[in-house]
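The values are calculated or read from the model by the stated rules, or taken from the named source; none is laboratory data. Since the structure is predicted, the reported quantities are computational estimates derived from the model, not experimental observations. Quick reminder, even Gly has a Cβ in these numbers, built from the backbone with ideal geometry, and neighbours come from all protein chains shown. Protein only, heavy atoms only, side chains kept; ligands, DNA and RNA dropped before computing areas. Shrake-Rupley method; radii C 1.70, N 1.55, O 1.52, S 1.80 Å.
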Amino acid sequence: MKLGELLQGLDVRRIDGDLNVEITGLSYDSRQTWPGHLYFSTARDAKRNRANIEDALNRGARAVVVGGWDGGVARPTVTLVESERPRLLMGAVASRFFGAPSGRVDLIGITGTSGKTTTSYIVASIFEAAGLPTGIIGTIGIFIGDRKIYSGLTTPESIDFESALARMEREGVGHAAAEISSQGIAEGRVEALNFRACMFTNLGRDHLDYHASMEDYFAAKLRLFTEILPRSRRAETVAIVRGDDAYGKRVLDAVKGKKISFGMERSLDVYPEKFKADLSGIRATISVLGKKIEIESPLIGEINLLNILGASALSAALGIDVDAVADGVRRCPGAPGRLEAVPAKAGVTVLVDYAHKPDALEAVLTALRSLRAGRVVCVFGCGGDRDRGKRPIMGEIAGRLADIPVLTSDNPRSEDPMVIIAEVERGLTATGRTRITEEKNFADASIGGGYIVEPDRREAIRIALTLATSGDAVLIAGKGHEDYQLVAGRVLPFDDRVVVREIAVELGGGQS
């Protein structure tokens with residue numbers, strides 16, 4: 001397309017150069033820029049911005065969008081475009097370049113602090129059971145069927161998002177379940193998308209290294225329902241909201257269009273009439289807009305019952321038959337690294353979960369305490385270069401709900417792991433627990449109200465598996481599907497699930 005066509009009517013401050021140049025592609029990563037591209041400069045650091053622009057130009061970018069005018073990057077053959085918000089402009093341009101596929105693919109946006117990934121997998125399973133091919137966009141990647149076509153941000157940059165939707169459309173995929181993060185909303189990555197439906201799962205403490213406060217965090221989420229969904233060009237849009245969550249109630253109050261509530265309370269549109277949850281899964285009778293559906297699922301705990309309720313509410317709202325809802329729920333094994341069972345030791349349930357925020361850790365540990373026959377051993381930590389305020393909160397939760405907390409490293413990034421651990425420990429000691437330093441006393445941790453610190457994550461997992469006996473549950477929290485550990489600027493191979501299997505073999509309880 002011509003550059004002028006891509007920019008026509010959009011909010012730009014200034015243009016220097018030829019608008020008739022042919023644009024062959026879009027990029028925001030200079031390393032992925034090719035001759036003829038329109039490059040969007042989005043780095044926050046001025047020095048990095050300049051370096052990225054120079055790199056993009058050297059690779060053949062034909063035009064560049066910048067946030068601030070800088071004559072130093074000008075070249076005779078390059079058109080410069082100044083925009084107050086390059087990312088926002090990028091979304092509008094990407095929609096035009098790829099032909100606005102969200103106008104034809106039914107795009108379902110799922111937002112909230114917890115449950116987004118699992119809910120998107122359940123939604124996709126239900127739609128597939130109804131004969132409707134459905135893509136997934138989220139934390140684990142972008143999938144068309146079993147094929148992964150992208151790894152990166154939970155909510156991709158708009159170029160990647162629009163490109164993926166266009167590819168889905170070309171391959172006959174008419175629906176997409178997408179996780180929508182607060183950062184993605186705040187940075188304008190989803191402004192130009194046309195959602196068919198949006199879901200709110202819950203809100204708890206998270207991303208306060210990015211947002212100024214919980215209210216700022218909530219305000220970003222709320223915009224999806226009060227601004228972005230209402231201006232969608234899709235007919236009969238609908239909001240699906242958890243109605244027994246305090247923030248969910250505020251979303252329901254703010255939504256002006258069609259809305260459906262779900263949760264555990266019988267006053268809501270979708271709720272469980274009765275249910276049983278144990279370590280083998282969930283069996284429930286749920287009421288969905290007045291219709292009863294018998295549900296069986298291999299997923300574990302009330303936290304996943306809520307995900308099933310949300311997915312069922314959304315499916316019913318979009319006209320999916322109740323039989324397909326039941327079949328899709330039954331078929332769905334869940335998302336990788338979300339309460340994923342890893343066989344390791346006879347009689348011991350080992351679960352790997354992504355819970356890296358307070359609400360998620362509390363929900364998972366609460367579920368396990370209600371389901372387990374024995375003790376709950378919890379291996380956990382906190383990431384570096386992120387919200388430090390949640391660290392003692394996570395410690396307090398583990399100290400209160402786990403029988404044996406094992407504190408270790410998560411992704412320390414640029415921070416000293418021992419500094420992070422010390423901040424988490426404040427929460428553990430606040431519950432009255434004491435640190436056990438002698439390995440010979442580890443087995444008595446649950447009796448004496450102690451906790452264990454082992455900075456080496458592999459060794460922490462080994463300790464947990466060694467201590468667990470028949471009837472116990474071991475939760476390894478924080479990393480879930482991740483197959484790496486971020487340490488001092490390095491990306492080290494590390495997958496909790498693989499490590500569990502390796503240690504199980506070493507201990508004589510697994511298969512090589």
Discussion item. Angle check, please: helix 86-97 long axis (alpha carbons) against the longest principal axis of the chain (alpha carbons), in degrees 0 to 90, nearest 10.
Written reply: 70
Worksheet item: What is the chain's relative contact order, in percent, from Cα pairs under 8 angstrom and six or more apart in sequence?
Response: 11
Response to the item:
Taking the square root of 5λ for each eigenvalue of the C-alpha gyration tensor of the chain, the equivalent ellipsoid has semi-axes, largest first and in whole angstrom, of 41, 29, 20
Worksheet, complete the sentence: hull vol. (C-alpha, convex hull) per residue for the stretch 1-111, Å³ -> 116
Worksheet entry | Volume per residue that the Cα convex hull of the stretch 212-320 spans, once the total is divided by residue count, Å³ | 116
Item to complete: Starting from the amide H of Tyr150, placed 1.01 Å from N in the peptide plane, find each other amide H under 5 Å away whose residue is 5 or more places distant or on another chain.
Response: Ile142
Worksheet entry | Cα coordinate range in the stretch 1-64, projected on the principal axes (Å, largest first) | 30, 24, 16
Worksheet item: For the chain, what proportion of DSSP beta bridges, expressed in % and rounded to the nearest 5, is antiparallel?
Response: 40
Response to the item:
Helix 214-223: inclination vs the chain longest Cα principal axis, degrees, rounded to 10, gives 50
Worksheet item: Of the accessible area of the stretch 1-147, with the probe set at 1.4 angstrom, what percent is carbon plus sulfur?
Response: 47
Worksheet item: Of Ile228, Gly310, Ser297, which is farthest on the positive side of the dipole of the stretch 194-321, counting Cα position, with +1 on Lys and Arg Cβ, -1 on Asp and Glu Cβ, and the Cα centre as origin?
Response: Ile228
Discussion item. Sort 246-255, 116-125 by packing, meaning the average of other beta carbons within 10 Å per residue, with the highest value first.
Written reply: 116-125, 246-255
Worksheet item: Using the Cα atoms as the points, what is the convex hull volume per residue of the stretch 389-512 in Å³?
Response: 111
Worksheet, complete the sentence: Rounded to the nearest whole number, the Stokes-Einstein translational diffusion coefficient of the stretch 204-258 at 37 °C and 0.692 mPa s (Kirkwood radius, C-alpha pairs) in µm²/s is 270
Discussion item. Please compute the alpha carbon radius of gyration of the stretch 138-273, then divide it by the globular-protein estimate 2.2 N^0.38 Å. Two decimals is fine.
Written reply: 1.09
Discussion item. Suppose every Lys and Arg Cβ carries +1 and every Asp and Glu Cβ carries -1, with no other charges. What dipole size does the stretch 218-362 come out with about its Cα centre, to the nearest 20 debye?
Written reply: 500
Worksheet item: Given Cα pairs under 8 Å that are at least 6 residues apart, what percent is the relative contact order of the stretch 344-406?
Response: 41
Item to complete: Quick one: dipole size for the stretch 365-455, taken about the Cα centre, charges +1 on Lys/Arg Cβ and -1 on Asp/Glu Cβ, in debye to the nearest 20.
Response: 380
Item to complete: Report relative contact order for the stretch 42-158 in percent, whole number only (criteria: Cα-Cα under 8 Å, sequence separation at least 6).
Response: 13
Discussion item. Just to verify a number: FRET efficiency for Ala43 and Leu19, C-beta to C-beta distance, R0 = 30 Å, to 0.05?
Written reply: 0.75
Fill in: the stretch 230-283: projected area of the alpha-carbon convex hull, averaged over directions, in nm²
5.3
Worksheet entry | Surface/4 of the Cα convex hull for the stretch 65-132, nm² | 7.6
Worksheet item: Taking the Cα atoms only, what angle lies between the long axis of helix 496-506 and the longest principal axis of the chain, rounded to 10 degrees?
Response: 40
Fill in: Taking all pairs of distinct alpha-carbon atoms in the stretch 338-451, Kirkwood radius in angstrom
14.5
Worksheet entry | Cα-centred dipole magnitude for the chain, charges only on beta-carbon of K, R (+1) and D, E (-1), debye, nearest 20 | 640
Item to complete: Quickly estimate the mean residue ellipticity at 222 nm for the chain, helices only: each DSSP H run with n ≥ 4 gives -39500 (n - 2.57), and the total goes over all residues, rounded to 500.
Response: -10000 deg cm²/dmol
Worksheet, complete the sentence: Taking 400-412, 317-329 and ranking on average Cβ neighbours within 10 Å, highest first, one gets 400-412, 317-329
Discussion item. Counting just the Cα atoms, what span does the stretch 383-423 cover along each of its three principal axes? Round to the nearest Å and put the largest first.
Written reply: 31, 17, 14
Worksheet item: Projected onto the charge dipole of the stretch 373-444 (+1 at Lys/Arg Cβ, -1 at Asp/Glu Cβ, origin at the Cα centre), which of Pro405, Ala443, Thr431 gives the Cα projection farthest towards the positive end?
Response: Thr431
Worksheet, complete the sentence: Given a Förster distance of 25 Å, the FRET efficiency implied by the Cβ-Cβ spacing of Glu265 and Glu294, rounded to the nearest 0.05, works out to 0.75
